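What follows is a short report on a single structure.
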Amino acid sequence: MRIPFRAWLQAHRTGLRRAGWALLGLYLLYLLAANVFLNTSIGERIINRKPDRYHARWDWALSAYPGHIHASGVVMGGHARTNRWVVAATRADGRIRLLPLLWRTVSFGTIRAHDVSVHVSRAAEDKPTSKREGHGWTLDFPAITTPSLLRLDFYEVQARGHGDARFVFTKQLQGGPMQVGESTLYMPDATLALAGVELLRDGRLEFGLEIPAHIRERAQGREKFGILDAWLRADGAAPGIDLAMRSGDVLPLGTSGHAGHLRADLRLSRGALMPGSWLDWSAPVYSVDADGNALRHPLGAALRTRREAIDLAVRMPSTGEGSPWLQADLRVDDRRLGPDDWLRPLRALNGQLRTQWPQVPLRWVDALLEDLPWLEVDGRGDVDADLLLADGQPQPGSRVDLDRVTLEARVLDNRFAGQAQARVRVADEADAPRTGIAIRMHQFTLGPEARPSQVDVRGRDLRLDLRSDAPLADFHEQLEGRLRFNDAEIRDLRNYNRYLPGRSAHLLGGSGLATGDLRLDRGGGMVDGRISLRGRNVRAALGPSRLAGNLRLDSRLRRLEPGGRQYAIEALDLDLDGVQLEQEGETDASWWARMSLQEGGLEWREPFELSGRGQVEMRDASVLLGLFAERKAFPRWIGNLVDSGQARATGLVRIRGDELVFDQVEASNDRIGMQARLRIAGGKPDGDLYARWGVLGMGVELQPGEQRKLHLAGARNWYESRPALLAR
């Protein structure tokens, strides 16, 4: 017998009332617990347990029923591997599905956010994932929508406006797969910029993206570019290009006005630009001439994609005599834009590019020389180029001329700087293209790299020739360089005391002329070279002794190891003329010497470290004797014999730190023989001298503090008992 529903209600009225009160109590308890959790520090502490990986905050939030969340002033962010992300919204509504939690899945219903800003950037450090790969919870966002996306920063791309966006995303934590579903963005008033340079202003922008499910090992970071599908449509005003606004930047592009236009319909599939994709762009280019007058030039570009290739045409017609112009008809035979080689389209480039462009900013040349850090180009210059390209490489007959270029070259801790002209030529040698760059500075300065404002040398006609058998893209790999200059003026030789051993030997004055012919490697290091110096009215100190005269130095060095600073001295000749040893109350006739160093080595540093065996021919041995004592300190017969004729000497020399050492010095003329050893350390000399004439002999012991002790009896035995300063 069927019981009427009204009767059933009457029979169970008490139980139903109790159940209702219980449900109401549970609901009120949920409201209390959930909203206390969301609006006190309890919730933030639990959610932000690992703030370096994920953090969130909100001004206030409420939950009207289980799974529902409404929040205001929401900011979320995190650090995933090498990426940082931050999302902010004025308010957001959404819900969490409860049943999928049983299968370790956090599945959200449609999330709707308002006034959204998104920022994604590259992080300096990598945050490794958990070792429990593939066993984490799954985050499922079937639809995150917003009718008011205000800002999107995605690495170097920035979009501003007021748009409608939808994002679909699934990710299994702890190394599991990630998928981006069909996601879209529509902005009717977008401003689009790349690396701070505006491409579109107040225009229509549509964008779509989809990435299939994949694990990190298959595609990480920029490798995702090779598996995604994307499309972009744009139509709107394109700002003009202002080359004068940011001429000191690597990419010297500023923006000005709304005079241009951009229209594009591009589609990308698995990292390749699809046939039918196209782009039309036109805009004025603003620059200045050599006199600083403002110039305006029309520039247009068109891109069309065929199944076989991408065609690109660029035109900037001349507006008058001396105005810049550009004409390029190029073809890219590879439609792939994969992240493993962002330069792939350039390597597949074919066609011709011709231009004449005065006073164009040249920081972009410095960017191309990134693999040659010892060369730096800056400022503005005149460009005249005619390039024939095949597979991205300039072909024989290609040329680039740069005039009025500000250039710096850093070699052996010194900086060559000046205004230069450069001539780039590609020639056909042995059936292979060979690239040469001839650089000439009509005037240049030379100074220490560590002190950019200091100028040691001023010269004319410096030549730097660079040659390579490698393609232009790999020009640096097989680079050979040669740097030459002649008779550059050194106004004050004291500037080079940084290479000498401090107070033990230093220059007190003088000027000179320097000449160099250096062969360089790809890093700007000297492989071998010849360095010459002619000094006039040179004054020098050897410890307490003072000498004055003229000198001529000629050296040839050869590097012992690639990339090192150790050099073999193949030749070092030093000629001294008109030298006088300054001694109180005495004026000697001018003295000369011809010295050469053999079996020597040099470490290029500040100060130099030098060693070797030398030979000397000299007018007489008076200067050698004068290093130990004034003439009046010796017996008269010594002075008469020393002055009696041309002398020859050999010995060892070493410069290291603040120490100058001469050892095993043997000098003689037709009447006298001399042996000596001398050390000057910290400006204080000590050493021994032995002189003989027939059966007569004399020794001089030079002690610290410039004290001298004469040895007459047994002088030879005394000298031979003294320790050597350098090993043989």
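The values are calculated or read from the model by the stated rules, or taken from the named source; none is laboratory data. Note that the structure is predicted; figures quoted are calculated from it, not measured. For neighbour counting, all protein chains shown are included, and Cβ atoms are generated from backbone atoms with ideal geometry for every residue, glycine included.
Checking residue 275 against (1) surrounded by fewer than 19 Cβ atoms within 10 Å (Cβ to Cβ); (2) modelled with pLDDT of 85 or more; (3) assigned to a strand (DSSP E or B), only one condition comes out false. Which one?
That leaves (3) as the condition not met.
Quick grid of which residues meet (1) among the hydroxyl-bearing types (Ser, Thr, Tyr); (2) outside the structural domain of residue 510 (by TED's automatic domain parsing); (3) in a strand (DSSP E or B):
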residue	(1), (2), (3)
435	yes, yes, yes
445	yes, yes, yes
460	no, yes, yes
464	no, yes, yes
470	no, yes, no
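Name the residues in segment 462-516 that are touching a residue at least 60 places away in the same chain (Cβ under 8 Å) and either among the hydroxyl-bearing types (Ser, Thr, Tyr) or more than 26 Å from residue 558 (Cβ to Cβ) (or both), would you?
471, 472, 473, 499, 502, 503, 504
Looking only at strands (runs of 3 or more DSSP E) that lie completely in segment 344-418, which have at least 2 residues being crowded, with 19+ Cβ neighbours inside 10 Å and at pLDDT 90 or above?
Details: elements: 349-361, 375-378, 380-390, 399-411.
Strands (runs of 3 or more DSSP E) meeting the threshold: 380-390, 399-411.
If you go through segment 661-698, how many residues are hydroxyl-bearing (Ser, Thr, Tyr) and assigned to a loop (DSSP other than H, G, I, E, B)?
Going through segment 661-698, the residues hydroxyl-bearing (Ser, Thr, Tyr) turn out to be 668, 690.
Narrowing further to those that are assigned to a loop (DSSP other than H, G, I, E, B): none.
Of the residues in segment 661-698, 0 are hydroxyl-bearing (Ser, Thr, Tyr) and assigned to a loop (DSSP other than H, G, I, E, B).
What residue, among those in segment 195-214 that are of a type outside the set (Lys, Arg) and in contact with a Ser or Thr (Cβ under 6 Å, 6 or more places away or on another chain), is surrounded by the fewest Cβ atoms within 10 Å (Cβ to Cβ)? First the steps, then the outcome.
Of all residues in segment 195-214, those of a type outside the set (Lys, Arg) come to 195-200, 202-203, 205-214.
Keeping just the survivors that are in contact with a Ser or Thr (Cβ under 6 Å, 6 or more places away or on another chain) gives 198, 208-209.
Numbers: 198: 20, 208: 16, 209: 18.
By that ranking, first place goes to 208.
Quick check on segment 242-254. Is at least one of its residues in a strand (DSSP E or B) and either β-branched (Val, Ile, Thr) or modelled with pLDDT of 80 or more (or both)? Explain how you work it out, then say what you get.
Just the residues of segment 242-254 that are in a strand (DSSP E or B), to begin with: 242, 254.
Among the residues that remain, those that are also either β-branched (Val, Ile, Thr) or modelled with pLDDT of 80 or more (or both) are: none.
Within segment 242-254, not a single residue is in a strand (DSSP E or B) and either β-branched (Val, Ile, Thr) or modelled with pLDDT of 80 or more (or both).
Could you tell me whether residue 443 is surrounded by fewer than 19 Cβ atoms within 10 Å (Cβ to Cβ) and at pLDDT below 90?
When the stated conditions are applied, residue 443 does not pass them.
If I filter segment 719-726 for residues that are over 29 Å from residue 507 (Cα atoms), surrounded by fewer than 20 Cβ atoms within 10 Å (Cβ to Cβ), over 46 Å from the mean Cα position of the chain (by Cα) and of a type in the set (Phe, Trp, Tyr), do I get at least one hit? Talk me through it step by step, then tell me what you get.
Narrowing segment 719-726 to residues over 29 Å from residue 507 (Cα atoms): 719-723.
Narrowing further to those that are surrounded by fewer than 20 Cβ atoms within 10 Å (Cβ to Cβ): 720-723.
Imposing the further condition that a residue be over 46 Å from the mean Cα position of the chain (by Cα) reduces the set to 720-723.
Remaining after also requiring of a type in the set (Phe, Trp, Tyr): none.
No - not one qualifying residue is present in segment 719-726.
Test residue 624 against the criterion of being surrounded by 15 or more Cβ atoms within 10 Å (Cβ to Cβ), touching a Lys or Arg at 6+ places or on another chain (Cβ under 9 Å) and in contact (Cβ under 8 Å) with a residue 24 or more places away in the chain, and give yes or no. Walk me through how you get there before you give the answer.
Values: surrounded by 15 or more Cβ atoms within 10 Å (Cβ to Cβ): yes; touching a Lys or Arg at 6+ places or on another chain (Cβ under 9 Å): no; in contact (Cβ under 8 Å) with a residue 24 or more places away in the chain: yes.
The answer is no for residue 624.
Tally up the residues in segment 629-666 that are modelled with pLDDT of 90 or more and not basic (Lys, Arg), please. Let's see the steps before the verdict.
First, the residues of segment 629-666 that are modelled with pLDDT of 90 or more: 648-666.
So of that shortlist, the ones also not basic (Lys, Arg) come out as 649-653, 655, 657-666.
The number of residues fulfilling the criteria is 16.
Restricting the search to segment 152-165, which residues are surrounded by fewer than 17 Cβ atoms within 10 Å (Cβ to Cβ) and either more than 18 Å from residue 233 (Cβ to Cβ) or within 32 Å of the chain's Cα centre (by Cα) (or both)? Lay out the reasoning, then the answer.
From segment 152-165, those surrounded by fewer than 17 Cβ atoms within 10 Å (Cβ to Cβ) are 154-157, 162, 164; that's our starting set.
Those that are surrounded by fewer than 17 Cβ atoms within 10 Å (Cβ to Cβ) and either more than 18 Å from residue 233 (Cβ to Cβ) or within 32 Å of the chain's Cα centre (by Cα) (or both): 154, 155, 156, 157.
Quick check: anything in segment 525-544 within 33 Å of the chain's Cα centre (by Cα), under 25 Å from residue 375 (Cβ atoms) and assigned to a loop (DSSP other than H, G, I, E, B)?
If we filter segment 525-544 for residues that are within 33 Å of the chain's Cα centre (by Cα), which is where we start, we get 525-532.
Still in the running and under 25 Å from residue 375 (Cβ atoms): 525-532.
From the residues that got through so far, the ones that are assigned to a loop (DSSP other than H, G, I, E, B) too are 525.
Within segment 525-544, one or more residues are within 33 Å of the chain's Cα centre (by Cα), under 25 Å from residue 375 (Cβ atoms) and assigned to a loop (DSSP other than H, G, I, E, B).
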